[in-house]
Structures are given as C-alpha cells and as structure tokens.
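Enquirer: First the structure, then my questions, so here it is.
Values in this text are rule-based calculations from the coordinates and carry no lab data. Computed from a predicted structure; not experimentally measured. Cβ placement follows ideal geometry from the backbone for every residue including glycine, while neighbour counts extend to all protein chains displayed.
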Amino acid sequence: MPTHNRPQVILAALVLTAFLPMLAFGQSTLPIETRELKMQGSTSGTISLTVPATVTTPYTLTLPSAVPGNGALIYSNTTTGGLAWSNTPSAAGWTLRWTGTALEWVDPAGSSNPNWAIGGNTLTATGTIGATSNHGLSIVTNNLERMSITNAGVIGINDGTNAGATTNIGKAGNTVNILGTTNLTGVANINASGTDATNIGTGATAGTVAIGRTGGSISTTGTVTQTGTLNLAGATSPLQMQGSAGTTGDVLVSQGTGATPAWQSINSAIGIRTAGQSTVTAATSATVTGLTTLSATDAIILTLEGSTSVTATITSRTAGTGFTVTFSGQYTGTVNYLVIKAQ
C-alpha cells in the first residue's frame, strides 16, 4: 500500500455482511464470510469496523444518498432498513428528539416541542404543566419553595417555613375573582394603602355578608355608610356609643357636627326638665319648690284637677328654686306642672 506525507484512507464499500451459520441436516457447517473496513494513517494504527461475533442475524447498513446538512446526525432507521440523516437544525440552541420513527431537531420554545422552555413556548392550543402522577408540584426561587400545589389540589402561596414577607395577587387596574369559600387566617388588610373603594357584597343578588364572629369585634376608621336595613339580631346585640348602650328608655341625641351622638333619657332629649304635682286646699295661691333645674326662660305648663273651676296664673318664679301660681278664686285640688327647657 503506498504511503504519503498525509494519512491515506483505504476506501472500501461500507457493506458489513454476516451470514448466520446454517446447519444442513446431516451436512457440515457452511463457512462464515466477513468483510472489514480499515482506516490507517501514516503515524497511527488502524481503526476497524467489524461485525461482532454475537450478531446472529445478517443485516446491511447503507449510507443515505442525500448530502447531509450542517449539524445533521446519522442514525439507524429501521423503517428504511439503512442509515439516515437527521434534519439540519434551523438555529443555534435547538434540541434533538426521537419522534418514534426518526430523529429531528426542534425549537425548544416552538409549538411542536412537548417540553417547556425557560424562555417561554409558542403554543397553538392550551398547554399543560405539572404532574400526571399522584405527586405535588413546587415552584421555587433561590432554592426555596415559594408556591406549592399538593397532589390533592391545595394551593399554597408563601406558606410554610420559606414564606415570604408579602404576597401580592393581581395587579393594579386588573380584577381578581375568588369564587367559593375563602378562609383568611391572620391579619387581613383590604385596600390598606390604596384610594379605591372596597366593595363587599354589593351585587344586586348578593347573599348574606357576615363580618366578625361570636364574641369578636369590628373596628373601622372613617365614615361607614349603610344602605338598606341595619338589623341588630339577637337580644345580646346592643347598639353602643363609645362602649355604652345607655339605660332603658334612652335615645340617641346628636351632639352637633363632628361630635359623637350620646345616650339621653327621653325627657332630657325633648327638653322636659321636670314634671310633678302640688296639692292645694282652699287657697288662692300655691308655691312649688325644689325645682333645682328651673331657669328663668323655661316654659311651665299647668293643668288643674279639682272641684272648683278656676284659672291659674304663674305670678313669679325663682331660678333654681320654684314658682308661685295664683288662682282666680279659692281652689281646692291638684296643680299639675310640666317644665320644658328653653331651646
């Protein structure tokens, strides 16, 4: 074999054929024919391709007739019965996959790739991510779990030992819909720093909105506006002002702009300072004393209950003490009086 300054390659047909020994009934074994391809350089040894002795079935590998593209791989294609080239990748970063019948290059983010790519995927239909087995799914950052979905479908966000300081759901200007029962444990701040309205149960067909618990309390700051019926249900649900429910018969009386209403007795609320009776026997005048709240401008209303029909006139009053009433004639009976605070 001639030699040169550069390696020579002995070209031979790449046909490796092994014939399975055949036993003729009562005859001797046929010889096995082998073919070998050897490549040899001027300073190196030889590289040989031979059929292993373990091969019991004859086969032929034929190079594909097409010229391969840059980056194409050769593989055994049992469908065609020979060797075949994979398709050439269209861009850097593509991955190789087996379709079941051939090798092909695919875009990691393309719609035909069944795997999820870090940079995102181009989908032509709804995609699925998660576990098809009976296992949970965790989403981590900085090697710590931030969100989890258990195999039973329970979703945890910033829970457990790796919980974050803040959990934001939704973005400004968007809508977050929460359907079904929502359980909030711990402090729940709703619109704590925003200026938008907070609506709870404002729909025309909204059901009962329950706030608070048995023995609990609700604290609000600012104006509370109630539209519709305000129903304090139960015998132990008093309406309180500054922690007081007043006494029996009290009413709430406005204390003016910017002031909290206060409980007052009904008499005090409508301006009745006092009321009472004084008995008179055969007299033309009577003095009522002990009226410590009487002022110089209060109104005094008198009615007489007696056997003699006379008229009564208040002839004098002393603030903080009482008043004197004079009759048009001798009177025996009862003088009823009502003192009303001047407004």
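Enquirer: Rounded to the nearest 0.05, what FRET efficiency is calculated for Ala283 and Gln343 with R0 set to 25 Å and r the Cβ-Cβ distance?
Expert: Working: r = 33 Å, r/R0 = 1.33.
Here the calculated transfer efficiency is 0.15.
Enquirer: Taking amide H atoms as placed 1.01 Å from N in the peptide plane, list the residues 5 or more away in sequence, or in a different chain, whose amide H sits under 5 Å from that of Thr274.
Expert: Result for Thr274 returns Val339.
Enquirer: Also, I was wondering about something else. Points 7 angstrom from Cα along the Cβ direction at Thr181 and Asn77: gap in nanometres?
Expert: 6.0 nm
Enquirer: Using a basic spin-label model with each label point 7 Å from the Cα along Cα→Cβ, how many nm lie between Asn336 and Ala235?
Expert: Distance between the two pseudo-spin positions: 3.5 nm.
Enquirer: Rank-order 260-270, 124-134, 143-153 by packing density, defined as the average count of other C-beta atoms within 10 Å over each peptide's residues, highest first.
Expert: Values: 260-270: 14.3, 124-134: 7.5, 143-153: 12.5.
Descending mean neighbour count gives 260-270, 143-153, 124-134.
Enquirer: Under the definition of Cα pairs under 8 Å and six or more residues apart, what whole-number percent is the relative contact order of the stretch 62-107?
Expert: Relative contact order for the stretch 62-107 comes out at 31 percent.
Enquirer: Using modelled backbone amide H atoms (1.01 Å from N, in-plane), which distant-in-sequence or interchain residues come within less than 5 Å of Ile74's amide H?
Expert: Under 5 Å from the amide H of Ile74: Ser86.
Enquirer: Check which residues have an amide H placed less than 5 Å from Leu294's amide H, if you skip close sequence neighbours.
Expert: Counting only residues 5 or more places away or on other chains, the set is Gly320, Thr321.
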